[in-house]
Amino acid sequence: MNRSSCAVLCAAVLAPCAFAQTPTPAPAEVAGQLPTVVIKARHDADEVRAELEAEQALTPGGVSLVDGESLRQRSVVSVGDMLRYVPGLWTASGSTGDSSFISSRGSNLDATNYDGNGIKYLQDGLPVSAADGNNHNRQPNPLAASHAVVARGANALTYGASTLGGAIDFTTPTARDGAPNELLLNLGSHGHRQGSVTLGKIVGTFDGLVSAETRHYDGYRRHQKQERNSLYANGGWQLNDAVHTRFYATYIDNQQQLPGVLTRQQWLDDPKQAQAAAVAGNYRYNVETWRLANRTVWDIDTDSKLTLGLSYENQQLYHPIVYAPPFFSLLIDTTQRTLGSTVRYQRRMGAHDLLVGMNLARTTVDGGNFSYVPGGAQTLTTAVANRASQLELFVMDRWQFAPDWTAVYGAQGVSTSREVRASSLKGDFNSINPRAGLIRQLSPSSQLFANVSRVYEAPTLYELQDETPGGPPNTLLEAMRGTVFEVGARGKQEFGQKHRWNWDVAVYHTRLRNEILSRDDPGAPGTSLSINADRTVHAGIEALVGASFALGGSSAHRIEPLVNLTFNRFRFQGDAIYGNNVLPAAPKVALKGEVLYRHAATGFFFGPTFDLVSSRFADFSNTYQVDSYALWGLRAGWTGKDWEVFAEARNLANRNYVSQFSVRDVAAANAAILSPGESRSLYVGARFKF
């Protein structure tokens, strides 16, 4: 083990860890009073959600909660499916069976979207993302989580994340938290077959849970087949009334064909076809992952808590991705290892709720880039030996300085390094990022909020060199930095005797310097050129609104609409080349929703779903526009005491549309950049608890 890895291990074992305790509010909480911290050795699922909602109420910005139970009532195979009703995020699928393009508040809008930067993925507070911020090799399985917290932009300070788009923390279900033994089955169009079984047990102070999952998918395009097998396990030990520890293990074997991209004419002629080069070169995205982690919590007293966490993840990537003989071919064969730790401490002192934390991670990537002949010889072209480390220190105070008023203020310190040995690039990036916010409690269940924060994100190992035309060689990119202003409101309210509605709305405006953008290098297909844009603006409106209306005189029959609206304004600002052009990839408007009829007595539900997406630009020059589209579908289900079934139909009009695409500087009319969206499809699923 090298010196940096030892430092991570020592920090996790010896340093005083910090914990962002999520206090549980009493049902009759008085408006304006900070929630009372309640320390319990065991929680059920409702208590876990109550704690997460209390944490959300103490954040002066956009934070969304996703309940894993709700995902069992529709077809969910990717993080993009999970985030359908999270405002402020643009998600699109189409390149693989279970991964998604995800942009949060304008993150990741360039040609290297494959690195998935801009959002930090966490599992039980420990990193899944690499130390440099990339998410190239995998995204977490949403069905392996009991809850997920989506903290957008600078609101991820609670997790110490230094990213433009924020963080998503997945909470693992445990037997002690009441996770049921269950069997999940999901079948559908395009050869989709998915199943999982979960078994858990509590024996005195010990508990354990194991979940095994498998998925087969032929794809709605040719050369899109997937075979995935996964195993998730965790075991806990309650050492005494104050200390408990939990170990986690994950294994995932994902074998995935890639269908490639199409020209506009090819897409119109036959959207199911694969790119000829993808078939000839047998493009694949095969990743074998194993992960071990531990999280230990010490409930010091009713007002303070300490948590230590340590994780290690190994990802083996085999990735043929470019085949253009006799000029160029590219097969990536690397092993990525990430060692991470977290230290969190929270102390409640009168009207103050103090959080102090540290995240420390190191990633190594070893292997090579090869030229290749499918099924034949591979020739090493570039040895890969990349290194990244990241230290995030953060402190935050929530101060109830008056009835119904809470001030939230703090800062984050970031110190990170990057090294790409093949090109002798090496650099350090450091920043201090302050934050201040205010919460006005209007009622026990509604509030207004506002904040001003600094956002910061260093370049990943995929985008490290400044390749501005005419610039000096071997120059590092600058880190992205900027200031965001945000205001919003959230809450829920009953009206009449039987009706209720809920809302979560935020408006934000970010002025960025040095946004890292890249475009395909026409001289080397499959590679990109990265630059720092001088000034850009990311602004938007994020809104999730839902309601439940009783029909007639009975509250058993209800109509429940749910609408997720995101309005984006992402632009260059007075750029020397692009002027005030719109940034590509994300639509100006995205609207997703459903209107369901529910019968409370029987658990039956039924209703339409809809997606409305405006046009998008596919290049920085704003010369190539991808059309808008509208989709509609149907959902139905029936829930019993220990079982539930569902059916979901998507794109019932069989609309031919573009889900995602590659970004260019100037995209030619015949450029092969488009990935078609899913055609008409039907999925059915069942859940049995025992």
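Quick look at the numbers
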item	result
Cβ-Cβ under 8 Å pairs, at least 6 apart or on other chains, the stretch 616-640 side under 15 Å from Ala653 (Cβ atoms) and in contact (Cβ under 8 Å) with a residue 24 or more places away in the chain, far side in a loop (DSSP other than H, G, I, E, B) and open to solvent by 50 Å² or more (accessible area, probe 1.4 Å)	Tyr629/Arg655; Ala630/Arg655; Leu631/Ala653; Leu631/Arg655; Trp632/Ala653
Residue count for the stretch 615-644, restricted to those that are open to solvent by less than 60 Å² (accessible area, probe 1.4 Å) and not in a loop (DSSP other than H, G, I, E, B)	14
Any chance Gln139 is polar (S, T, N, Q), touching a Phe, Trp or Tyr at 6+ places or on another chain (Cβ under 6 Å) and touching a residue at least 40 places away in the same chain (Cβ under 8 Å)	no
Tally of residues being open to solvent by 60 Å² or more (accessible area, probe 1.4 Å), touching a Leu at 6+ places or on another chain (Cβ under 7 Å) and in contact (Cβ under 8 Å) with a residue 60 or more places away in the chain across the stretch 248-287	1
Members of the stretch 106-152 found to be of a type in the set (S, T, N, Q) and part of a helix (DSSP H, G or I), listed by number	Asn113
The stretch 112-123, residues that are open to solvent by 20 Å² or more (accessible area, probe 1.4 Å) and in contact with a Gly (Cβ under 8 Å, 6 or more places away or on another chain)	Lys120
Check on Ala156, without any contact (Cβ under 8 Å) to a residue 40 or more places away in the chain, within 23 Å of Pro459 (Cβ to Cβ) and either open to solvent by less than 10 Å² (accessible area, probe 1.4 Å) or not in a loop (DSSP other than H, G, I, E, B) (or both)	yes
Leading residue by the ranking (farthest from Gln255 (Cα to Cα)) among those in the stretch 79-101 that are open to solvent by less than 10 Å² (accessible area, probe 1.4 Å) and β-branched (Val, Ile, Thr)	Val86
Of residues in the stretch 26-73 being open to solvent by 30 Å² or more (accessible area, probe 1.4 Å), of a type in the set (Gly, Ala, Ser) and part of a helix (DSSP H, G or I), the one modelled with the lowest pLDDT	Ala45
Output for the stretch 315-328, where each listed residue is open to solvent by 20 Å² or more (accessible area, probe 1.4 Å) and either farther than 24 Å from Ile673 by Cα or assigned to a strand (DSSP E or B) (or both)	Gln316, Tyr318, Ile321, Tyr323, Ala324, Phe328
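The values are calculated or read from the model by the stated rules, or taken from the named source; none is laboratory data. All values reported here derive from a predicted model rather than from experimental measurement. Positions of Cβ are backbone-derived with ideal geometry, glycine not excepted, and every protein chain shown enters the neighbour counts. The protein model used for the area step is the full one, side chains on, heavy atoms only, and it has no ligands, DNA or RNA in it. Shrake-Rupley method; radii C 1.70, N 1.55, O 1.52, S 1.80 Å.
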